[in-house]
Amino acid sequence: MKKILLVSALLAMAGVAQAADHGEQLYETYCMQCHGVQGHGNGVNAAHMSVQPRDHTDTKEMAARTDDELFKVIQQGGKAINKSVLMPMWGGNLSDDDIHALVAHLRQLCCGKD
Amino acid sequence: MKGIPGIAALAALAAMLPLAAQADVAGDIQQQCAGCHALSHDYATQGIAERAERKAPPLDYAGNKFQRDWLVAWLQAPARIRPAGMFAPRLAVTGPDGDVVDADALPAHPALPAAQAEAMADYLMTLKPFDALIEAESYEPGSIALRMGKMNFGKFKGCDGCHQDEPGTGGVSGPELYTAWARLQPSFISSYIANPVAWDPHTMMPVGDANADAVAKLANYLKAIGEK
C-alpha cells in the first residue's frame, strides 16, 4: 500500500514537472522573442517596439493580475484588455491546456510558485 | 526501317534524361542541404521543442512558397532574411540593452554557382504538398497608399513587432518583409498571414483575426514596399 502511494506520488510529481517543462518550452518559443530570455520584457524585438513588453518578473505588477486575466490576455491579445496590439493573441496557436501551462509558468517567473 | 526503332529508343532515352538529371539534383539537395533544411514535414507529430532545434527553414513546400527567379538569384548571392537568425531566444545574449543577437556572428549561407542554383531552384519548385492551401486563396493583388499600409502594418496590426518593413525598421524575430514580394508567391503571402499554423503548426507567428479584406490590405502593403 505504502509503495503504491509512493509510486503514484512520484507519478503525480512527474506530471507536474512535465507540465512545468511544457510551459517553459512554450514560453521560450512564443514569448521570449518579445518578453526576453529572462522574462524581463527586453527580448530581441523590444528595442524596435513603441510599447514595451511587460516585465514578467515584476512581482508587484504580475501579482495584481488574476490567473483568468492572464489567460485572457494570452488567448485574445492586448487588444482584448485595452492594451497594445503589440501583445499578440495566441488562441489560434495554442490550446487551452497550453495557455494554462503558460499561466503557471508566468506565476513561477513572477512569484516563484508553480 | 531498321533505323526507326533506334530513333525511337533514342527519343525515349532523351525523354528520360530530364528525369535522370532531376534525380541527381534531388540527391545533391539531400546531400548538401538536408543537414540543415527539412525536406519532409512531420512537425505536427513532434512536440513544440522541435522549433528551437531547427537549423534552417523547411524547404519541403518550396514550390508553394517561393518565386523561382528569387530562388535562383538568392542561392547565388544569399542575403540575410531573418535578422536574428533561426531562433532568437537561443542565439540572443542578454546585456544592458536587453537581448541582442550579433548578426555578424551568424554563419553566412552557402552560395551556389549559377547552373546549380538554376537546377536546384527548378527542383525545389516541384515540391508542392500544400497546393490545396494555395488553391483556397482568393487574394487578387491590388494597391494601397504607402502611408495607410504602414499604419495598418504597424499601429493597427502590430506586424512591426516582429518584422522589418524596411532595413533596420521593425522587429527582428521574423523574416524581413521588405523583399517578401520578390521572394514569395502572392497566394502564399495571403494564406500565411491568414493562417500561419496551417503551414507550420509550430510557427512563432501568431494567428491573427484579420478577415480576407484585412489580409489583402497587408499583402498589398508588402507589394507596395516591394515595388517601391
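The values are calculated or read from the model by the stated rules, or taken from the named source; none is laboratory data. As the structure is a prediction and not an experimental result, all values here were calculated from the model. Here the Cβ positions follow ideal geometry from the backbone for every residue, glycine too, while neighbour counts run over all protein chains shown.
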Q: Mind listing just one residue for me: the one in segment A:71-93 that is within 12 Å of the chain's Cα centre (by Cα) and aliphatic (A, V, I, L, M) and, of those, surrounded by the fewest Cβ atoms within 10 Å (Cβ to Cβ)?
A: A:VAL73
Q. Residues A:LEU106, A:LEU86: which one is among the aliphatic types (A, V, I, L, M), touching a residue at least 12 places away in the same chain (Cβ under 8 Å) and facing another protein chain (nearest Cβ under 9 Å)?
A. A:LEU86
Q: Test B:GLN76 against the stated conditions and say whether it is among the polar types (S, T, N, Q) and either at pLDDT 95 or above or under 30 Å from B:ASP99 (Cβ atoms) (or both).
A: yes
Q.
Suppose the filter is farther than 28 Å from A:GLY91 by Cα and buried (at least 21 other Cβ atoms within 10 Å of the Cβ); does B:ALA121 pass it?
A. yes
Q) Which ranges mark the helices (runs of 4 or more DSSP H) fully within segment B:61-108 that have 3 or more residues being away from every other protein chain (no Cβ under 14 Å)? A) B:62-65, B:68-76
Q | Considering residues of segment A:30-52 that are under 11 Å from the mean Cα position of the chain (by Cα) and facing chain B (nearest Cβ under 7 Å) only, the residue farthest from B:VAL197 (Cα to Cα) | A | A:MET32
Q | Qualifying residue in segment A:70-77 (condition: within 10 Å of chain B (Cβ to nearest Cβ) and in contact (Cβ under 8 Å) with a residue 12 or more places away in the chain) | A | yes
**Q.** Residue ID - nearest to B:ARG54 (Cα to Cα), chosen from residues in segment B:84-123 that are touching a Leu at 6+ places or on another chain (Cβ under 6 Å) and in contact (Cβ under 8 Å) with a residue 40 or more places away in the chain
**A.** B:VAL101
(Q) Just checking, does segment A:54-63 include any residue being surrounded by 17 or more Cβ atoms within 10 Å (Cβ to Cβ) and over 30 Å from B:GLY85 (Cα atoms)? (A) yes
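Grab the helices (runs of 4 or more DSSP H) fully contained in segment B:135-228, keeping just those with 1 or more residues being within 14 Å of chain A (Cβ to nearest Cβ) and within 28 Å of A:ASP98 (Cβ to Cβ).
Output list reads B:186-194, B:196-199, B:212-226.
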Q: Test B:TYR139 against the stated conditions and say whether it is of a type in the set (Ser, Thr, Tyr), out of contact with any His (no Cβ under 7 Å at 6 or more places or on another chain) and under 25 Å from A:TRP90 (Cβ atoms).
A: yes
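If you check A:ASP68 against the conditions, is it at negative phi, modelled with pLDDT of 95 or more and exposed (fewer than 14 other Cβ atoms within 10 Å of the Cβ)?
The answer is yes for A:ASP68.
Going by what's in this entry, would B:MET120 be described as more than 14 Å from chain A (Cβ to nearest Cβ) and not acidic (Asp, Glu)?
yes
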Q. What tally of residues in segment B:80-96 results from selecting those that are farther than 22 Å from B:PRO110 by Cβ and of a type outside the set (A, V, I, L, M)?
A. 4
